[in-house]
Amino acid sequence: MTEATLALAQAGDSEAFGELVDPYRRELQAHCYRILGSVQDAEDVLQEALLAAWHSIGRFDGRSLRAWLYRIATNRSLNYLRGESRRPQPADLSGQRSGWSGPVRSDEPWWLEPYPDDPDELTPGPEARYDARESIALSFVAGLQHLPPQQRAVLVLRDVLGFPAAEAADILGTTQTAVNSALIRARAGLRPGQDPHDVPVPRSPAEAAVVDRFVSAFERFDLDELVALLTDDARLTMPPEPDEHRGPRAISEFLLEHLGGQELKFLPTRANGQPALVLYLPDPSAPIWRASGLTVLTLQGDRIHALTRFGDLSLLARFGFPRILPRG
């Protein structure tokens with residue numbers, strides 16, 4: 001940030017304002033996503049935050065632009081959570097069960113959405129406890145959603161971004177004592193995340209081998225191979241649906257019950273720093289493939305620990321996938 005650019009922005013130059021804030025836009029969106037758990041909500045809140053920053057740039061004191069922007073984005077996110085009635089309600093699937101006895105009630109946040117695997121340029125401060133990849137993992141973001149909003153914000157500011165306690169207190173408009181107290185409670189309440197040492201290196205041959213085995217077994221409807229690929233405590237969740245399936249055999253039987261006997265087309269992508277697959281099914285009346293959803297895979301060693309399926313096809317555009325593909 002140069003003084004000349006700041007002076008132009010404070011004088012009402014929108015291009016100068018854009019030059020100031022654009023370097024922080026991507027990390028601010030990821031910040032809002034971590035707190036809110038929804039990409040759409042994060043995009044909306046970030047737009048509100050940047051508009052508020054534009055309207056108040058004349059009052060910016062010229063110290064840390066990054067901390068100032070984080071203050072606005074964090075408080076806009078917390079304001080959003082205070083009005084959670086703005087969120088759409090989850091699907092009621094009480095009349096849509098197949099009669100199979102496998103599902104149990106899921107405690108995962110139904111509003112959870114996958115985050116496109118755009119390289120995160122975040123450089124955490126020295127006090128951070130998570131690196132950029134760990135802190136965008138789907139299980140970590142889901143775990144954050146179970147914390148009260150203030151604790152959620154404190155943990156992200158301190159342990160993900162590495163802001164010192166004094167800066168975090170300034171961002172939240174509270175005291176260092178309150179920040180430290182909230183951080184202790186948040187750390188105690190946060191569900192254990194994936195051990196980064198158990199996860200194959202992203203985009204490595206080891207990671208690709210697990211995904212290839214899963215796709216091959218699925219396409220061949222090989223129940224034994226699917227069961228062998230899943231950890232004993234594997235889970236299949238499908239936000240915003242309220243049910244989940246636990247255990248290798250229950251998950252495999254559910255997948256084969258709903259998709260078995262059909263021709264399948266999988267296209268690879270990435271979400272939340274993890275491998276993901278977009279599934280297409282053949283249209284019975286036209287020579288096209290129709291998108292069925294996106295599934296994020298959480299790996300543990302050479303097996304799959306969790307599958308999170310998102311059936312909202314509007315999400316696919318963020319990942320660069322169409323809803324329809326030609327067959328041929």
- Note on the structure: Within the range 141-153, residues surrounded by 21 or more Cβ atoms within 10 Å (Cβ to Cβ) and within 15 Å of A30 (Cα to Cα) come out as V141, A142, L144, R152, A153
- Note on the structure: Considering the range 260-287, residues that are polar (S, T, N, Q) and not in a loop (DSSP other than H, G, I, E, B), and then whichever is nearest to L112 (Cα to Cα), we arrive at Q274
- So which residues in the range 298-315 are farther than 20 Å from A142 by Cα, assigned to a helix (DSSP H, G or I) and either touching a residue at least 12 places away in the same chain (Cβ under 8 Å) or aromatic (F, W, Y) (or both)? L313
- Query: How do the pairs read when you match residues in the range 13-42 that are in contact (Cβ under 8 Å) with a residue 60 or more places away in the chain with residues anywhere that are surrounded by fewer than 15 Cβ atoms within 10 Å (Cβ to Cβ), using Cβ under 7 Å and keeping only pairs 6 or more apart or on different chains?
  - Reply: R26/D118; R26/E121; E27/E121
- Expected single match for modelled with pLDDT of 95 or more, over 22 Å from the mean Cα position of the chain (by Cα), buried (at least 17 other Cβ atoms within 10 Å of the Cβ) and of a type in the set (A, V, I, L, M, F, W, C) among L255, L229, L236 is L229
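Looking only at the range 210-228, how many residues end up being farther than 11 Å from P275 by Cβ and in a helix (DSSP H, G or I)?
Residues flagged as farther than 11 Å from P275 by Cβ and in a helix (DSSP H, G or I) within the range 210-228 amount to 11.
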- Message: For the list (1) touching a residue at least 40 places away in the same chain (Cβ under 8 Å); (2) touching a strand residue (DSSP E or B) at 6+ places or on another chain (Cβ under 7 Å), I need the number of the one condition that Q262 fails.
- Response: (1)
- Message: Kindly evaluate F218 against the criterion of being surrounded by 14 or more Cβ atoms within 10 Å (Cβ to Cβ) and modelled with pLDDT under 95.
- Response: yes
- Query: Which condition number does A169 fail, the rest of (1) touching a Leu at 6+ places or on another chain (Cβ under 8 Å); (2) closer than 27 Å to W68 by Cβ being met?
  - Reply: (1)
- Message: For the range 176-189, check the following and say yes or no: at least one residue is in contact with a strand residue (DSSP E or B) (Cβ under 9 Å, 6 or more places away or on another chain) and free of Cβ contacts under 8 Å to residues at least 40 places away in the same chain.
- Response: no
- Message: Among the numbered criteria (1) part of a strand (DSSP E or B); (2) in contact (Cβ under 8 Å) with a residue 60 or more places away in the chain; (3) buried (at least 17 other Cβ atoms within 10 Å of the Cβ), which one does T295 miss?
- Response: (2)
- Kindly check whether there is at least one residue in the range 295-312 that is farther than 24 Å from H197 by Cβ, at pLDDT 95 or above and aliphatic (A, V, I, L, M). no
- Per the filter on the range 316-328, residues assigned to a helix (DSSP H, G or I) and touching a residue at least 12 places away in the same chain (Cβ under 8 Å) are L316, R318, F319
- Residues in the range 72-119 that are touching a helix residue (DSSP H, G or I) at 6+ places or on another chain (Cβ under 6 Å), closer than 23 Å to G273 by Cα and either acidic (D, E) or at pLDDT below 80 (or both): how many? 2
- Here are some residues: P282, P275. Which one is under 28 Å from A132 (Cα atoms), assigned by TED's automatic domain parsing to the domain that holds A234 and either at pLDDT 95 or above or in contact with a His (Cβ under 8 Å, 6 or more places away or on another chain) (or both)? P275
- Note on the structure: Expected output for the range 220-231 (first residue in contact (Cβ under 8 Å) with a residue 40 or more places away in the chain, partner of a type outside the set (F, W, Y) and surrounded by fewer than 16 Cβ atoms within 10 Å (Cβ to Cβ), Cβ below 7 Å, 6+ apart or cross-chain) is F221/L256; F221/G260
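The values are calculated or read from the model by the stated rules, or taken from the named source; none is laboratory data. All values derive from a computational prediction rather than experimental measurement. Positions of Cβ are generated from backbone atoms using ideal geometry, with glycine treated the same way; all protein chains shown enter the neighbour counts.
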